[in-house]
Number of protein chains: 2
Amino acid sequence: MSDDGRGRPRLAPSRRPGKTAREEILDAAAELFTNRGYAATSTRAVAAAVGMRQASLYHHFSTKDDILDALLAGTIDEPLRFAEELLSDPGPAPQRLHTLTFGDARQLSTSRWNLGALYLLPELRVERFEEFRARRERLRDAYRRLAGLVIAEWDGPPDAAELPFRLVESVINRRSDDGECSPEAPWVIADGALRCVGFQGDLAALRRGTTARLRIGDDNVTV
Amino acid sequence: MSDDGRGRPRLAPSRRPGKTAREEILDAAAELFTNRGYAATSTRAVAAAVGMRQASLYHHFSTKDDILDALLAGTIDEPLRFAEELLSDPGPAPQRLHTLTFGDARQLSTSRWNLGALYLLPELRVERFEEFRARRERLRDAYRRLAGLVIAEWDGPPDAAELPFRLVESVINRRSDDGECSPEAPWVIADGALRCVGFQGDLAALRRGTTARLRIGDDNVTV
């Protein structure tokens, strides 16, 4: 992989997206893990899908678990950063919760592979993935805290703080069932998350706020 | 298995629930599929977990896919029957949707193994599981139709009809994340499903109606 100076040259040119061999490996693994299954995919199959010798793949990832961990981190790092930014933001809580749910639902619905389907793997319950699970738990907690603020403001149902996070995750199930998720779905989910926690204000205004915050329509969308 | 007259005697006595060898096989497979993974579990391992020879297991199920199909059918048959009963019921739509979401969420949260986690398996996309997928789609459609009635009645958001089904499924994710789902969660989910589709009436009255319909507290609960 001349692109990053490690490993041997590839057996065949690849058409996968990614500027580096590492990114191409991750893309091939994501495709195989989501379409064939994690246990059913060998690192040999991943290497073959990139057009690379297995020995070369090991220059980048020592084990299949390391590949999975890198893929999972890629699904959580930016959502968690953005959730914690919104949590410390001084603005109205309903707007922040709306922007967070829309942004994450959109990311889950437009990502190249439906990696969230891997969250339910029993393989993730081992210590190797503890850091990933802890980060996902932090994201879930950020949702609960934002939702709790809206519930307090609107006298909503105290136990509903868990629901917005779960509505966002439903994008994963829809992609698994239908092969895709409509572009409208993230908006419907964001509005639904607000209704769930008792918000009865102006949802159209929240959509405008989310559009502005995420600069939708600009080239420079942050989520 | 003297209990149903087929197969050889077991290697070891089993403490699994189930009156028949078939039920014990299903219980062992459910445990292994959800805790170890479907691809990672062999029929040999299932037989060993029941204390049975592999040849005896084949008297009951020809393939591992047949075991999975039987388990999946067990998660959908009764919910589908009940959903279609409620769909043809003459009562108010909000009450019917509340009862359906609560009943299914409770079933998903109290079942012995978290079998819904298998719904996302890529292995299910093959023709072998087409009937299961079709029945699950019918259940999803019953939710959408009931939700559509509530949306029409309450002038709710037209696109939100998908959300109640997805909120019910979130029980699966909660069990996967936390190892359990609180007894209160099915009520919170049922209320949240109604809020999502625009219902602004008396949720406490719906809870009473659901309690009466499912005869909660009786020995003879139907869902």
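At a glance:
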quantity: Among the residues listed as B:69, B:89, the single one being of a type in the set (Asp, Glu) and free of Cβ contacts under 8 Å to residues at least 60 places away in the same chain; calculated: B:89
quantity: Candidates B:81, B:133, filtered to the one that is within 14 Å of another protein chain (Cβ to nearest Cβ), of a type in the set (D, E, K, R), in a helix (DSSP H, G or I) and at negative phi; calculated: B:133
quantity: Failed item, numbered, when residue A:74 is tested on (1) out of contact with any Lys or Arg (no Cβ under 9 Å at 6 or more places or on another chain); (2) free of Cβ contacts under 8 Å to residues at least 12 places away in the same chain; calculated: (2)
quantity: Identity of the residue in region B:180-220, more than 23 Å from residue B:92 (Cβ to Cβ) and in contact with a Ser or Thr (Cβ under 9 Å, 6 or more places away or on another chain), that ends up farthest from the other protein chains (Cβ to nearest Cβ); calculated: B:180
quantity: Helices (runs of 4 or more DSSP H) lying entirely in region A:144-223 (those with 1 or more residues that are more than 20 Å from the chain's Cα centre (by Cα) and surrounded by fewer than 21 Cβ atoms within 10 Å (Cβ to Cβ)); calculated: A:203-213
quantity: The listed residue being farther than 30 Å from residue A:136 by Cα, surrounded by fewer than 21 Cβ atoms within 10 Å (Cβ to Cβ), within 15 Å of the chain's Cα centre (by Cα) and assigned by TED's automatic domain parsing to the domain that holds residue B:79, out of B:135, B:112; calculated: B:135
quantity: Selected residue (only one of A:72, A:57, A:26, A:32 is part of a helix (DSSP H, G or I), assigned by TED's automatic domain parsing to the domain that holds residue A:112 and crowded, with 19+ Cβ neighbours inside 10 Å); calculated: A:72
quantity: All positions within region A:153-179 that are more than 8 Å from chain B (Cβ to nearest Cβ) and in contact (Cβ under 8 Å) with a residue 12 or more places away in the chain; calculated: A:153, A:154, A:155, A:156, A:161, A:164, A:165, A:168, A:171, A:175
quantity: Exclusive hit being within 12 Å of chain B (Cβ to nearest Cβ) and among the aliphatic types (A, V, I, L, M), set A:97, A:139, A:87; calculated: A:139
quantity: Residues located in region A:114-130, provided they are more than 11 Å from every other protein chain (Cβ to nearest Cβ) and not in a helix (DSSP H, G or I); calculated: A:126
quantity: Unmet criterion (only one of (1) farther than 18 Å from residue B:163 by Cβ; (2) within 14 Å of chain A (Cβ to nearest Cβ); (3) aliphatic (A, V, I, L, M)) for residue B:67; calculated: (2)
quantity: Given (1) surrounded by 20 or more Cβ atoms within 10 Å (Cβ to Cβ); (2) modelled with pLDDT of 95 or more, index of the condition residue A:85 fails; calculated: (1)
quantity: Test: residue A:106 is crowded, with 22+ Cβ neighbours inside 10 Å and among the basic types (Lys, Arg); calculated: yes
quantity: Boolean, residue B:125 is more than 21 Å from residue A:116 (Cα to Cα), surrounded by fewer than 18 Cβ atoms within 10 Å (Cβ to Cβ) and either at pLDDT 95 or above or of a type in the set (Lys, Arg) (or both); calculated: no
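The values are calculated or read from the model by the stated rules, or taken from the named source; none is laboratory data. Since this is a predicted model, take the numbers as computed values, not measurements. All Cβ positions, glycine included, derive from the backbone under ideal geometry; neighbour counts span all protein chains shown.
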